[in-house]
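Student: Mind having a look at this structure? Questions to follow.
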């Protein structure tokens, strides 16, 4: 495992909470279909996954700097999502449903947590595979997050009604957009992910020691993103969103392959 021996219990606790939340979500889908565990279960799942990733980041850059990396992603994404709600900036006429209670202004707390999962987790997976390619890491991280967006946005928009693009959450007419949202949303997602990843390259690479950079690991973040992919794939299959489910299957295959490869090559110690 990547975390130090003194923190092993911390990592196991976070992993157990995340695994339990993921199992509860899949079990609820089997009973309730696309509704799953609802906003509370979704929020717990994202928080637990973010906790796991935070522990991996802590071993890369230290406690304080790990919090700085998290704050970079969370604050910037929260700010941009707020601008999207208030002014339609970048993401168009976005609004969030009233089902999620915990909010900062008009934006649910689950939103910056989701950005932390896709960008912070995607960065760790890409870095674990490509190592010293600092410029490449940011670009590939943005590509990974865009691939995740093709799966996640229909899940949170169409199936769960957590995110909406006015005038409503109904699927768009053929050729009108991507699941009731403008196609430009995907470009905005990529641009934001690229900027956030560039910041993480500076904070996560330049701040970490050579020893820490030699002990990268991709299996834990890959496992988190694999579980999120399986959950979205399952819900989208229930909801017959086959195009989105296809990307869920691709993501599950990619992160599952990374997980197996990394464990076979390095074990759980890296």
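The values are calculated or read from the model by the stated rules, or taken from the named source; none is laboratory data. Being a predicted model, the structure only gives us computed values, none of them experimental. Heads up, the Cβs are rebuilt from the backbone with ideal geometry, glycines too, and the neighbour counts pull from every protein chain shown.
Student: Kindly establish whether residue 13 is surrounded by fewer than 16 Cβ atoms within 10 Å (Cβ to Cβ), without any contact (Cβ under 8 Å) to a residue 24 or more places away in the chain and closer than 22 Å to residue 221 by Cβ. I'd like the intermediate steps shown before the answer.
Tutor: Details: surrounded by fewer than 16 Cβ atoms within 10 Å (Cβ to Cβ): yes; without any contact (Cβ under 8 Å) to a residue 24 or more places away in the chain: yes; closer than 22 Å to residue 221 by Cβ: yes.
Judged against the criteria, residue 13 is a match.
Student: Could you tell me whether residue 72 is at pLDDT 90 or above, farther than 19 Å from residue 228 by Cβ and crowded, with 17+ Cβ neighbours inside 10 Å?
Tutor: On the way: at pLDDT 90 or above: yes; farther than 19 Å from residue 228 by Cβ: yes; crowded, with 17+ Cβ neighbours inside 10 Å: yes.
Yes; evaluated as a whole, the condition is true for this residue.
Student: Sticking with this structure for a sec: Which is in contact with a strand residue (DSSP E or B) (Cβ under 7 Å, 6 or more places away or on another chain), modelled with pLDDT of 80 or more and surrounded by 21 or more Cβ atoms within 10 Å (Cβ to Cβ), of 189, 163?
Tutor: Details: 189 fails: in contact with a strand residue (DSSP E or B) (Cβ under 7 Å, 6 or more places away or on another chain).
The match here is 163.
Student: In addition: Which residue is modelled with the highest pLDDT, if the candidates are limited to segment 129-138 and must be surrounded by fewer than 21 Cβ atoms within 10 Å (Cβ to Cβ) and within 16 Å of residue 203 (Cα to Cα)? Break it down stepwise before answering.
Tutor: First, pick out the residues of segment 129-138 that are surrounded by fewer than 21 Cβ atoms within 10 Å (Cβ to Cβ): 129-136.
Then keep just the ones that are within 16 Å of residue 203 (Cα to Cα); that gives 131-136.
On the way: 131: 64, 132: 61, 133: 62, 134: 65, 135: 67, 136: 80.
Within segment 129-138, the match that is modelled with the highest pLDDT is 136.
Student: Considering only segment 205-216, I want to know if a residue exists there that is on the phi < 0 side of the Ramachandran plot, buried (at least 21 other Cβ atoms within 10 Å of the Cβ) and either in a helix (DSSP H, G or I) or at pLDDT 90 or above (or both).
Tutor: Taking every residue of segment 205-216 in turn, none turns out to be on the phi < 0 side of the Ramachandran plot, buried (at least 21 other Cβ atoms within 10 Å of the Cβ) and either in a helix (DSSP H, G or I) or at pLDDT 90 or above (or both).
Student: Could we say that residue 154 is over 30 Å from residue 204 (Cα atoms), at pLDDT 90 or above and buried (at least 23 other Cβ atoms within 10 Å of the Cβ) here? Before you say what the answer is, go through the steps one by one.
Tutor: On the way: over 30 Å from residue 204 (Cα atoms): yes; at pLDDT 90 or above: yes; buried (at least 23 other Cβ atoms within 10 Å of the Cβ): yes.
In short, yes.
Student: So, in segment 8-44, how many residues would count as being over 17 Å from residue 224 (Cβ atoms) and either at pLDDT 95 or above or assigned to a helix (DSSP H, G or I) (or both)?
Tutor: Adding up the residues that qualify gives 14.
Student: So which residues in segment 93-106 are surrounded by fewer than 21 Cβ atoms within 10 Å (Cβ to Cβ) and outside any loop (DSSP other than H, G, I, E, B), if there are any at all?
Tutor: 95, 96, 103, 104
Student: Sticking with this structure for a sec: Would you mind stating whether residue 47 is crowded, with 18+ Cβ neighbours inside 10 Å and either out of contact with any strand residue (DSSP E or B) (no Cβ under 9 Å at 6 or more places or on another chain) or in a helix (DSSP H, G or I) (or both)? Spell out the reasoning first.
Tutor: Details: crowded, with 18+ Cβ neighbours inside 10 Å: yes; either out of contact with any strand residue (DSSP E or B) (no Cβ under 9 Å at 6 or more places or on another chain) or in a helix (DSSP H, G or I) (or both): yes.
So residue 47 fits the description; yes.
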